[in-house]
Structure formats: structure tokens, C-alpha cells
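Contents: one structure, followed by commentary.
The values are calculated or read from the model by the stated rules, or taken from the named source; none is laboratory data. No experiment lies behind these values; they were computed from the predicted model shown. Glycine also receives a Cβ, built like all others from the backbone with ideal geometry; neighbour counts cover every protein chain displayed. Accessible surface areas use protein heavy atoms only, side chains included; no ligands, DNA or RNA. Shrake-Rupley method; radii C 1.70, N 1.55, O 1.52, S 1.80 Å.
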Amino acid sequence: MITLSVPGWHLWSPTKDSCRALHSKIEIIHFLSAIQGKVLTENHFPAEASTINLLEFRDSSIVSAVIADKNGLFQFSNVKPGSYLLSVTKVGYAKSYTDPFTIVLGQTLIMGEIILTSSIKQLNEVSVAGTKPAVDAGAGKVTLNVQNSIAAAGNSAYDILRQSPGVRIDNNNNISLVGRQNALITIDGKPTNLSGEDLIGVLKGMQSNTIDRIELITAGSAKYDASSGGIINIVSKKGENTGANGAVTASAGYGRYYKGSTGIVFNDRTNKVNIFGNYNFSDNKTFHDFVTDRDINFNNVLSDYHVDYNSVQKSYSNNFSLGTDYFISPSQTMGFLISGYTRSDNFLKDNNLKISNQSVLDSIITANSNLNRDVTSINYNLNYNGKLDKAGKTLAADFDYTTYNRSSAEYITNNFYDASGNVYNNPLLLQNLSPSNIHIWLSKVDFTDPISKTSRLEAGVKYSNVTSNNDLNFGSKAPNGQYQSDPLFSNHFVYTENVNSAYVNYTTKLNKLDITAGLRAEQTVAKGNSITSDQVVNSNYVDLFPEVAFTYRSDNKNDFSLSYNRGIKRPLYTDINPFLYYVDQYDYRLGNPNLKPEYSNSVELSYNYNKTFLFTLYSTIISSAYFANFYEQNDTTKVNITTQKNFGTIYNYGLRVYAPVMFTNWWNANFSLDASYLRYVAYAVNGNLNKGTQAIIFSSTQYFTISKTISAEISGNYLSPNFDDISQYKANYNVNAGIGKQLFNNRGSIKLSATDIFNTQRDRSFTNYQNLDLTSTIKRETQIVRLTFTYRFGKISVKNTTAHHTGNEDEQKRTGSNGEN
């Protein structure tokens, strides 16, 4: 029998049988040395996800780092002979160092059990844990740790994303992460099934106090829905420590108008049951302004249609979630979650249209409207997670039902004036009623089998069924005082969609090479029924979405990754409604029931140095691409209709860089750069567009530790001039800052933040394509100062459990409501 020991550690004298058992579980690479061990908490539970650093003895520089698995086991392979020491860290536990030790060629050094002791100080039942960096980056994924960002305090998920590195939200509130493609927005790993106005409304209702982190994923797995634009996953806060804990938050802000929110996050866990939830109320007033000039040259007469639009929105929202986990056994959990929101919006809109011919004012048309909209959405989720055997097989299942109901009533008054300001026509009074209700059923099952020491097989199936019922009743007020429906604008549209999907994913390790390969199949059966016009559009198609990724670790500091995936972007439910929406008498929006999905093929090559600096080359080709704004202008009537159509192909090539830098022990920063080249090539039927363009997105956040209880940060974002859809945009940039102080022995905090300090964030564009000549400036309220107070109670050093995922976020994302006009 042999005895291996390291000074300062427990001695371990394994028998021959125990050595065989250990060696059968952990791969040993011959000739070079290896280090194996196990990390436990002070209660002798496996310290899963603890970080073990291998340090050079002479200067304590990091040679390599590994993460302990769910059993607390870790291994360093290919270790060169020499003198080393280990450091072990885990949130909530004191950092631990070993005494120095020496390893020789070919030796496998088996460490004794490493016991971590809690670093949490009890303060009247309140405990304080360590912090994570505000931003973590890896190949194909960037994580924003919201709770550690001062600038995020008091903001909504929507506001946080607007300031996030690599995320772009355009003037139509399309959220993109990879090039110009819309990202799949998920909450706790499940698609929201919302889009457009509804999606933005939900994101605005989610306050930062309910969010643990946001994951920006550019290289997804076949396990997830086949999103062509990457995935933005918002992970909510939830604790798993025994006992009660939580936090209350209140925030007040002011820009041009007031902002306010308050909420609570809570968690109470026993050995058998965990109850958790949150509630937030927000009261906000904001504005949305834009100015456009549309020049029309027809029959040698140059006409200018100048629009000055101002909208003031008041919103009240209530967001809530309440769930419970029942621990059937140590390896099986059954859970139930109900979540949802209610929102009431009031819009006061003033649209002032000035018509000039040959630079001489001809007439003025004003459109003033009052829009009231109420939305209620509730999601019910039943879930199961279980470990099936000691080998590690797991089974997870989700069943979801979501309801979405919207009432919307707008009343518009049009007034007509000549160049002298005299009325030349009677006012035109219009009514716009657009109720909508959506029902979503979803179920999915995921199975994982660790088929060997180095390989894992994942498989799953998913079923979703969506029914979207939309009614548009638009018409003018008759002399008898009653509104009459106009058949040109009014319609009743019912859309049903069934998506059946299945996937298989295989992961294996070959020495220094990690390989992941997967395939996802999706069948889509959809029917759009325009009841009023008796038009039906059916579609039935099957798609395959392969995914493969290779990661080569040449040594302890240099990792190379290569990945490929194919994705799909289905039209939003609102985009395929064949409704003709009224903006003013010369401007309309039209849905397109014949809109087809767009497809992408993406390749990424990444290099990660010392697990900090990340460089990624990427290429994406998008076919059947459709644009948010495609304009069809009639030069004779001067009417412009904005619609969407499958326009052509987009080629996108670029470089992403993420670099964290430590300047001093009180000042560190991260820098993010995305430099891309895009080429837009139109199908012949849509014109002759063949244009290349460059775009640079640069962002940086500087972090300052002023004292033990005071910290500050300042960030900036810059988007260079770029071409998007068929429009050329000017540069866009902003600067944000914040300062925070811990109070009441770290149980409370107060944070002051300011976004867009210089009020520079706005969209400025011009479009000159075919017969359209349009310039536009769009400004939303972005210059805001907020003060946020948070008080934590109970055992607040809670660990995040496996987040609760509903199964239907993708379907919710496409319902289309952002609460803006």
C-alpha cells in the first residue's frame, strides 16, 4: 500500500481497491503528471462549482484553473514537474491555500479532502457573501451579473439591455445580439413567446432587484430553440439556503418625467419544501418623439411631408411570481410556478404633418389621439427534475399554459388647416379598437445520460401550440354620433401555430479536445385565417438544425474553440396579421401573412487567453432575410405603407473582443469591441440593393473601489455609423455612471445612477432607395437619474438554484407587445 501526502492536508492511505476505483473514474494522462482531489464544505457536503487554482510556488502566478464537479471532485492533467500550491475559492466560503508541494514526472498526486470553512458573518440572522465580477466572458457566452452593477440598480431589464455590451435595440425595439438578427429572449431558460410591444412591456416591468444575471449566448446548443440571432437569457433571483430570506427595494428616478418602482423578493426553504416569489410595482411616465422628412419628386414637383410626432406614455405595471419546490427525495424535485403581469398604459399622441410643394407650405394636418391599453398575462408551470440512478442519468419535464389578453382603444381627432392656419375641412374623428388574446400550450421533456467518464448524451422533445385571436375595428364617426367600421381597415384574424421539435446532443472529450455535436428537428404547422376577407394562408414545413463545437486546450492558458450552428427566425405574430394600421392620412403600417421565416448559418472561431481575454471571429449568412421596415410609396397619392417582406440575403463577418483589465487594487475595467462588415443583397423582385457596410460597437465599464463600503462605476457605449435594413444610420453613443454605498452592516445599500448623462442617445437615419427619400430622428427618454435603496433580511447569502424555467418563452416572445407607441 502507498501513502501520498501533502503538508498541511489530511493524510490519505488508499487501499489497492480504492485506488482502482478512483483511477476508473478519473482519466490519467501518461508521462505528464496529474493532481486529483475532492473539495467539501465544513458540513462535509461536496463543494460543487468551487474554483481550484494551480499556482506556481515561486511567484503564485496562475498555471491553470478547474471547477469541482457535483461530487466535489477535481483534476489537473498534463502538469509539468515542479513546485506548486493550490488555492480554493467558493462564494460564501473563506479562500484556502495549501502548503507548497512538489510533483515529479509521471506522478499522479492524490490530495486529501479539502475542507472549506464558511466566511459568512451572522448579523442578526443576516449573512453577507462574496461578489462576482459584473461581467464574465467565455467562448460563445457573456454573463452580466446584474446584482453587482451600480448602474443597473433601479433599472428594468429593458434599460439594462440597452446598456449591455454587444446588445442593440433599434428604433422599432428589435433586440439583436448577433449582427442584425433578433435575439431569442428567454427568462430562466425558457422563451417568453412575446415580441414587439408585449416583449418590451414585460422587460420594462422586470426590475433589477428580481434579476440575478443576464446571459448573452451567441453559440447555442441543439438543446435550445433554434434561434438565428443568439439567446439573451434573464435568470431570476431565487435562494436555496434553509430558512427565510429576501430583499425589499424602492427606486425613484427623474428624466423629463418621473419614474418609480418598489418590490420584494423572498424565499423560504425547509428540508422538504422551498417557497419563493417576487412582486414589483412600477409607475413610469416617459416620452417618445420623432421627426421625419419624406421628399417626393413627381411630375417635376418636389413635395415635402414633414412629420413632428410627440407621445407621452404613462404606465402602471404589476409583475409577480410565486412558486414552490417539493423535494420528493434528495435526487427528485417537483415544482409549480405561477407568474405574470398586468399593465395599464395611456398614450397621448400629437402628430403634426406639414405638406410643402416646391418649398412652399401648402397645408397642415394634425392628428391628436388618446390611447388606453390594458394587458394581462399569466403563465402556469409544472416541472419535475430527477436523478434516475447513481450513474447520473437525469430527467426533466415542463408543462406550461399561458394566457395573454389585451384591450386597446384609441380615439383620433384629425384637423385640417391651410397654409394660413385656416380650417379647410371638417374634423375627422376616428376610432381604433384592437383587442387581442393568445393562448399557449407547451410541454417538453429532457433526458441526460453520462454514458462514460468522458461522454454525455442529451435528448429531448418539445410540443407547443399557439392560438392568436386578433380583432381590428377601425372607422370614422358618422353624423349620427356612432362610429362605423371601415372594411378597408377592419379585420378579424386568427393565427394558429403548432411546433413539434426533438433534439439529440452528444459531448465527448479526447485528451485536449472537447467535442459537442447536436441535431435539432422542428416541424411547423401554421394557419392564418383572415375571417373578414375570407383569406387563409397555410404552411407546413420541417427543418433540421445541426450544431457542432470543438474546443482545443493547447495548454493551461490557451483555449481555441470552433463552432457552427444553423438557426431560424420566425415572423412575429403581429407581423403576419394582415391589418392596415393607421398612423396618419399619408402613412400606414401593413402586416404580411405571406412572410416566411429567415434562416442563418453561423460559424465562430474563438481564442481565450488565460481564461480572461476573449477573441472571436464570426461569420453569419442569413437567407430569406426580412426587414423591420420596408417602404412602399405611391408617388401619385403620396401614401407611404411600411411593411415587411423577405427581402434578400445578408452576409455578416466580424470580430468580437472582450478584455478585462486590472489597473490597480482599486480600479479595474472591462472593454468590449464588435467590429463587423455586412453586405445586403436584395432579391431581384425587391430592387437592386447590393451594399456593403461597416459597423463598430465599442463599450467599456470602469469600476472603482473607494472604500470598504463605497464603490463607483462609469460606462460608455459607442455605435459607429452603419447601414441597417435599407437605411443609413449616424453614430450613436452614451455615457452612464453610478455610485453605491453599503449600509447597516451590509444588510442595506443605496445607489445613485445616471444614464445617458449627456443626452446623446438617439437614432438618426436617412433612406434613399428606389422612389423613397426619407430622413428621420427618433428620441426616447434615456437621460435619467435614479436613487435606489435595498434592504436584505434573513439569510441573504443565498445560492442560486437551478433557475425555474417555463417551457414557452419563445412563443411568448412572438406575441408582440412592448407597451410603446
### Message
Being surrounded by fewer than 17 Cβ atoms within 10 Å (Cβ to Cβ), modelled with pLDDT under 80 and assigned to a strand (DSSP E or B) is the requirement here; does residue 21 meet it?
### Response
no
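Among the residues in the stretch 708-715, are any over 28 Å from the mean Cα position of the chain (by Cα) and either among the β-branched types (Val, Ile, Thr) or crowded, with 17+ Cβ neighbours inside 10 Å (or both)? Quick ask: steps written out before the conclusion?
First, pick out the residues of the stretch 708-715 that are over 28 Å from the mean Cα position of the chain (by Cα): 708-710.
Imposing the further condition that a residue be either among the β-branched types (Val, Ile, Thr) or crowded, with 17+ Cβ neighbours inside 10 Å (or both) reduces the set to 709-710.
Yes, some residue in the stretch 708-715 is over 28 Å from the mean Cα position of the chain (by Cα) and either among the β-branched types (Val, Ile, Thr) or crowded, with 17+ Cβ neighbours inside 10 Å (or both).
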### Query
Inside the stretch 412-456, can you point out the residues that are within 21 Å of residue 583 (Cβ to Cβ) and touching a Lys or Arg at 6+ places or on another chain (Cβ under 6 Å)?
429, 436
### Task
Count, please, the residues in the stretch 587-613 that happen to be crowded, with 18+ Cβ neighbours inside 10 Å, farther than 21 Å from residue 522 by Cβ and aromatic (Phe, Trp, Tyr).
1
### residue 129, sole failed condition from (1) modelled with pLDDT of 75 or more; (2) among the hydrophobic types (A, V, I, L, M, F, W, C); (3) under 30 Å from the mean Cα position of the chain (by Cα)
(1)
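For the stretch 525-538, state whether one or more residues are within 30 Å of residue 217 (Cα to Cα), surrounded by fewer than 18 Cβ atoms within 10 Å (Cβ to Cβ) and within 29 Å of the chain's Cα centre (by Cα).
Let us first name the residues in the stretch 525-538 that are within 30 Å of residue 217 (Cα to Cα), namely 525-526.
Cutting the leftovers down to surrounded by fewer than 18 Cβ atoms within 10 Å (Cβ to Cβ) gives us 525.
Subsequent filtering for residues that are within 29 Å of the chain's Cα centre (by Cα) retains 525.
Within the stretch 525-538, one or more residues are within 30 Å of residue 217 (Cα to Cα), surrounded by fewer than 18 Cβ atoms within 10 Å (Cβ to Cβ) and within 29 Å of the chain's Cα centre (by Cα).
Scan 519, 572, 510, 562 and give me the residue that is under 24 Å from residue 654 (Cα atoms) and either at pLDDT 90 or above or crowded, with 19+ Cβ neighbours inside 10 Å (or both). Walk me through how you get there before you give the answer.
Numbers: 519 fails: under 24 Å from residue 654 (Cα atoms); 572 fails: under 24 Å from residue 654 (Cα atoms); 510 fails: under 24 Å from residue 654 (Cα atoms).
On inspection, the qualifying residue turns out to be 562.
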### Message
Any residue that is of a type outside the set (Lys, Arg) and either within 30 Å of residue 536 (Cα to Cα) or touching a helix residue (DSSP H, G or I) at 6+ places or on another chain (Cβ under 8 Å) (or both) - is there at least one of those in the stretch 611-618?
### Response
no
### Message
Quick check on my filter: what residues within the stretch 480-539 are in contact with a helix residue (DSSP H, G or I) (Cβ under 8 Å, 6 or more places away or on another chain) and of a type in the set (Ser, Thr, Tyr)?
### Response
495
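Give the residue that is nearest to residue 141 (Cα to Cα), with candidates limited to residues of the stretch 626-639 that are crowded, with 16+ Cβ neighbours inside 10 Å and modelled with pLDDT of 90 or more.
Taking the stretch 626-639 as the starting set, the residues that turn out to be crowded, with 16+ Cβ neighbours inside 10 Å are 626-631, 633, 638.
If we keep only those that are modelled with pLDDT of 90 or more as well, we get 633, 638.
Working: 633: 42, 638: 47 Å.
Taking the candidates together, the pick is 633.
Suppose we filter the stretch 749-780 for residues that are on the phi > 0 side of the Ramachandran plot and under 26 Å from the mean Cα position of the chain (by Cα); how many remain? Show your work before the answer.
Filtering the stretch 749-780 for residues on the phi > 0 side of the Ramachandran plot gives 756, 759, 770.
If we keep only those that are under 26 Å from the mean Cα position of the chain (by Cα) too, we end up with 756, 759.
Residues meeting the conditions: 2.
Name the strands (runs of 3 or more DSSP E) wholly within the stretch 535-610 that hold at least 2 residues that are over 30 Å from residue 303 (Cα atoms)? Lay out the reasoning, then the answer.
Details: elements: 535-553, 558-569, 580-584, 587-590, 598-609.
It comes to 535-553, 558-569, 598-609.
For the stretch 67-95, give me each residue that is open to solvent by less than 30 Å² (accessible area, probe 1.4 Å) and within 42 Å of the chain's Cα centre (by Cα). Full working, then the answer.
In the first step, residues of the stretch 67-95 are kept if they are open to solvent by less than 30 Å² (accessible area, probe 1.4 Å); the result is 68, 72, 74, 76, 79, 82, 84-88, 92.
Within the stretch 67-95, 68, 72, 74, 76, 79, 84, 85, 86, 87, 88, 92 qualify.
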### Message
Pull out all pairs, ordered by first then second residue, where Cβ-Cβ is under 6 Å, the residues are six or more apart or on different chains, the first lies in the stretch 742-757 and is over 16 Å from residue 156 (Cβ atoms) and buried (at least 17 other Cβ atoms within 10 Å of the Cβ), and the second is at pLDDT below 90 and of a type in the set (Lys, Arg).
### Response
747/792
### Query
Any idea which residue in the stretch 609-624 is farthest from residue 681 (Cα to Cα), counting only those that are without any contact (Cβ under 8 Å) to a residue 40 or more places away in the chain and aliphatic (A, V, I, L, M)?
617
### Task
Hey, can you tell me all the residues within the stretch 704-762 that are among the acidic types (Asp, Glu), closer than 30 Å to residue 626 by Cβ and in a strand (DSSP E or B)?
724
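Can you tell me which of 305, 279 is open to solvent by 50 Å² or more (accessible area, probe 1.4 Å) and of a type in the set (Phe, Trp, Tyr)?
Details: 305 fails: open to solvent by 50 Å² or more (accessible area, probe 1.4 Å).
Among 305, 279, only 279 is open to solvent by 50 Å² or more (accessible area, probe 1.4 Å) and of a type in the set (Phe, Trp, Tyr).
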### Task
Filter the stretch 350-405 down to residues that are in contact with a helix residue (DSSP H, G or I) (Cβ under 9 Å, 6 or more places away or on another chain) and of a type in the set (Ser, Thr, Tyr) and give me whichever is farthest from residue 466 (Cα to Cα).
377
